[in-house]
Structure formats: structure tokens, C-alpha cells
Amino acid sequence: MTYLADVVALTRKDLRIELRGRDTLPAMLLFVVTALVIFHFAIPDAAGDDAAYGLLWVAIVFTALLGLARAWVPEQEHGVLDGLVLAPCDRSAIWLGKALATLAFLVAAQAVALPAFVLFFEPLGVAALAGVLLADIGICAVGSLLSAMAAAGRARELLLPLLFLPLAIPLVVGGVGAAVSEQAERFLLFLLLYDAVFAVLSWASFEYVVTE
């Protein structure tokens, strides 16, 4: 219960910081909606449904990257991360709290983006929505670890995309496949496996990242 209480407290901290500062979520919302509007007018309808889902995932990935780039900035700017590392709690709880807060921001952005996609392109099926949710978990699990690594460097805006985008490719493949394939369950299972493996790896390695 102490571990869960620490995770809840850390998640609430990030959510309160965002509610007070409004630095991350408005930027994510503006970016994803603008991207979908541009895609709607720039890509002809003849491009097909598969292309539309590809565009959706381009918007999702880069919106997530925008949020991840800001994930650890408050802790770095105010020296809070050192205090969190020295606090009497499991360091993996810091990663989990950050991942949950980032997931909340991403889901909030998609609560606007997905209806906009339906308006501009076509309805989303159950498999497509499940693929988005599973991919969100993977994005936040891996991204929260990588953004912590990048935040320690001077060129975090450049380092984070170099680390994150290659690992996001399987998520894009799984998300698009779940939306367009007749065997969507195979892609959903792939996303579930990805989430499980990389969540465990991120959970186990976060302590070594923040102590280096």
C-alpha cells in the first residue's frame, strides 16, 4: 500500500502542476488538432482509409513526443528530481507516477483528437480504439524512461526524438494494423506484449537512469 500511495502522490503532483501551469496539455491539443486539420485539407479523399489511419498515428506519436519533451522539465528546472531520488520511496514509483500522469495528458488530448479524426475522415472501430489505448500505454511507459534520460542532457530536444522514435515504430505498426487488418487481434496481442515487456524493463531500469 505504501508503494501505491507513493505512486498516487507523484501522479497527483504532476497533474496539479499541469492544472496550475497549463504548459503541456494545451500545446498537445493545439498540435494534434492542427495536424489533423492540415491532413484533412492536404490529403485527397482518394488516398484511402489506410492512409487516414497512418496520418492519425503520425499525429498521435508527435503529440506524445511533445508531451514527453516537457515531462521532466519542472523537476530539472527546480532541482526536484534530486529530492525525489533521495526521498524514502522506491525509485520505480517515480517512473510509474510520471508515466501515469503522461498517460492522462495523452488520453485527454486524444479525447479531442479522435472525435476530430472521425469528423474529418471516418469512424473508428473497437479494434482501432483498443489499439490506440494499448499503444498509449507503451508510449508512456517507454517515453517516461527515455525522457528522464534525455532531460539530464543539454540537448534534450534533440536526444529524445532520437531515442523515442525508433522504439515507437512497433507501436505505430501495431496501432495501424489493429485498425485496418482483418486479423486485428494479432496486432492487439502484439501491442499487449510490447507493453508488458517494455513496462517491466522501464520499471526495472529507471533506478539506474536517475542515479547516473
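Couple of notes before you dig in:
- Selected from 5, 27, 184, residue furthest toward positive end of dipole (the chain; charges at beta carbon): 5
- Degrees separating the helix 184-211 axis from the principal Cα axis of the chain, which is the longest one: 20 degrees
- When only alpha carbons are used to place a centre, the range 143-212 and the range 85-110 end up 15 Å from one another.
- Residue 203 exposes around 120 Å² of accessible area when a 1.4 Å probe is run over every protein chain in place.
- Computed about the Cα centre, the dipole magnitude for the chain is approximately 500 debye when only Lys and Arg (+1) and Asp and Glu (-1) carry charge, each at its Cβ.
- Percent accessible area from carbon and sulfur atoms, the range 134-212, protein chains only, probe 1.4 Å: 70 percent
- Principal-axis analysis of the Cα atoms of the chain puts helix 156-180 at an angle of about 40° to the longest axis.
- With Rh defined as the Kirkwood radius, the inverse of the mean 1/r over Cα pairs, the Rg/Rh of the chain is 0.98.
- Using just its DSSP H runs of length 4 or more, each adding -39500 (n - 2.57), the chain gives a mean residue ellipticity at 222 nm of -29000 deg cm²/dmol after division by all residues.
- For the chain, accessible area per residue (1.4 Å probe, heavy atoms of protein chains only), Å²: 51 Å²
- Two-site label geometry, residue 27 and residue 165: point separation in nm, points 7 Å out along Cα→Cβ: 1.8 nm
The values are calculated or read from the model by the stated rules, or taken from the named source; none is laboratory data. No experiment lies behind these values; they were computed from the predicted model shown. Here the Cβ is made from the backbone with ideal geometry for all residues, glycine too, and neighbour counts use every protein chain on show. The protein model used for the area step is the full one, side chains on, heavy atoms only, and it has no ligands, DNA or RNA in it. Shrake-Rupley method; radii C 1.70, N 1.55, O 1.52, S 1.80 Å.
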